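A short worksheet on the structure shown next.
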Amino acid sequence: MRKRLSAALAMLLCVSTAMAAPLETGVPVELTSPSAMLVEAETGTVIFEKNADEKRQVASVTKLMTLLLCFEALEAGEIHLEDDVTISTEAAGQIGSQALLDAGAAYKLETLLHATIIASANDAACALAEHMAGTETAFADRMNARAAELDMKDTYYVNSTGLPDDRQYTTARDVAKLSCEVCRHPDYFTHASVWMDTLTHPSGRTTDLTNTNRLVRFYNGCDGLKTGSADASRYCLSATAQKNGLRLIAIVLGTPNSQTRFNEARAMLDYGFAGYKRVTVLQKGDRLGKSVPVKMGLQDEVEVAAGRGLSMLLKPGQEKQLSIEVELPEEVNAPVAEGDALGVVRVKLGDSIIARLPAVASCDVDMPGLLAAFVRLFANWR
């Protein structure tokens, strides 16, 4: 019975935490960008969207997947920042934005990562892909596999750079999912927040690197993510900023000109920070002020706690409309283990249920020993 209840609650939890409808039904800022999305980074909550499922090329915004795979490989110990990466002819020959790497020369992996993030260097991105997977084609397979894991249903990758290819596409919604995942890697911001730097080549010559994301310098709190531009994609941007403990991501795709993408992303971020704040409703383990009777246990009852935390975006003043309801069984049988699912917590905003969380046992309740059981049975009999 307990297993069935736990499974049902787990399924309920998965449904209630999936990407839900936008908080705003329309687009509250003026946008010329054909596709756009404003999301909260930690939970993926969508504030508003415009043509979020329209497939399109996004140029170098594609590199977010290359970077995600790189950071994941670093954290898994599969590659290391100190690795020497020899630049192939194919990598050095990449067109578009470059770090002007020397074919046949060996660069530290950290240097290539830095150049890819700051300057959107195609040669550095290709070199990283080859280092991780052997060939760029094999790396594209990894990109597509990871996209599937992230439920990026409308994305297909052909290369690591985002250089134009009619077979390659994604959507604003999928870029949002990818951007949220990249934001889970703090080391990314060590590089992405740098405005200008200099790359020193093994030969001693230097190349100046300038961040392609102007908001890093000109928007307070912006510390990433990625730009992209090409004839096929027009101008694209996924930009993130953090203020007062709230991190937002603004995505604009297919914008008519370069400066407009920054202006519109700025307007989206301004709207989000002015109109919303992140409120912690419950933390995992918070006691809910309720107990469930336990049959044949060393304790007569077990106190109930929140099985997971919940934080959400609310407009100023909305937190006063929050309330919590707890649905519990009349009793449970011992033994009970800490964390066992007992019931459901319903979080309401006004009259609407906005989240469902598991209500769990806050501690273990074992069955009594033979003597204790006899004493209890005798006392109950009397």
Among the residues of the stretch 40-60, is there at least one that is in a helix (DSSP H, G or I) and assigned by TED's automatic domain parsing to the domain that holds Asp187?
yes
For residues that are touching a Cys at 6+ places or on another chain (Cβ under 8 Å), assigned to a strand (DSSP E or B) and not β-branched (Val, Ile, Thr), tally how many sit in the stretch 204-248.
7
Of the residues that make up the stretch 326-342, is at least one closer than 30 Å to Phe48 by Cα and either among the acidic types (Asp, Glu) or in the same structural domain as Pro293 (by TED's automatic domain parsing) (or both)?
no
Here the residues within the stretch 282-336 that are within 30 Å of Asp270 (Cβ to Cβ) and among the small types (Gly, Ala, Ser) are Gly309, Ser311, Gly317
Restricted to the stretch 166-186 and to residues being assigned to a loop (DSSP other than H, G, I, E, B) and buried (at least 19 other Cβ atoms within 10 Å of the Cβ), the residue nearest to the chain's Cα centre (by Cα) is Cys183
Of the conditions (1) over 30 Å from Ala274 (Cα atoms); (2) out of contact with any Leu (no Cβ under 9 Å at 6 or more places or on another chain); (3) not in a helix (DSSP H, G or I), Gly96 clears all except one; give me its number.
(2)
Can you tell me which residue is surrounded by the most Cβ atoms within 10 Å (Cβ to Cβ) among those in the stretch 259-286 that are at pLDDT 95 or above and touching a Ser or Thr at 6+ places or on another chain (Cβ under 8 Å)?
Arg261
Within the stretch 311-322, is there a residue that is surrounded by 15 or more Cβ atoms within 10 Å (Cβ to Cβ), part of a loop (DSSP other than H, G, I, E, B) and either not hydroxyl-bearing (Ser, Thr, Tyr) or not assigned by TED's automatic domain parsing to the domain that holds Met196 (or both)?
no
Could you please tell me which pairs satisfy a Cβ distance under 6 Å, a separation of 6+ or placement on different chains, a first residue in the stretch 201-214 that is within 20 Å of Cys236 (Cβ to Cβ) and in contact (Cβ under 8 Å) with a residue 12 or more places away in the chain, and a second residue that is part of a strand (DSSP E or B) and β-branched (Val, Ile, Thr)?
Thr212/Thr227; Asn213/Thr227
Among the residues in the stretch 132-151, are any farther than 28 Å from Leu81 by Cα and either surrounded by fewer than 24 Cβ atoms within 10 Å (Cβ to Cβ) or in contact with a Leu (Cβ under 7 Å, 6 or more places away or on another chain) (or both)?
yes
Being surrounded by 24 or more Cβ atoms within 10 Å (Cβ to Cβ) and acidic (Asp, Glu) narrows it down to one of Asp154, Asp123, Asp102, so name that one.
Asp123
Tell me the residue from Val46, Val39, Val58 that is buried (at least 18 other Cβ atoms within 10 Å of the Cβ) and more than 18 Å from the chain's Cα centre (by Cα), please.
Val58
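The values are calculated or read from the model by the stated rules, or taken from the named source; none is laboratory data. Keep in mind the model is a prediction, meaning the values are calculated, not measured. Every residue, glycine as well, gets a Cβ built from its backbone with ideal geometry; the counts of neighbours run over all protein chains shown.
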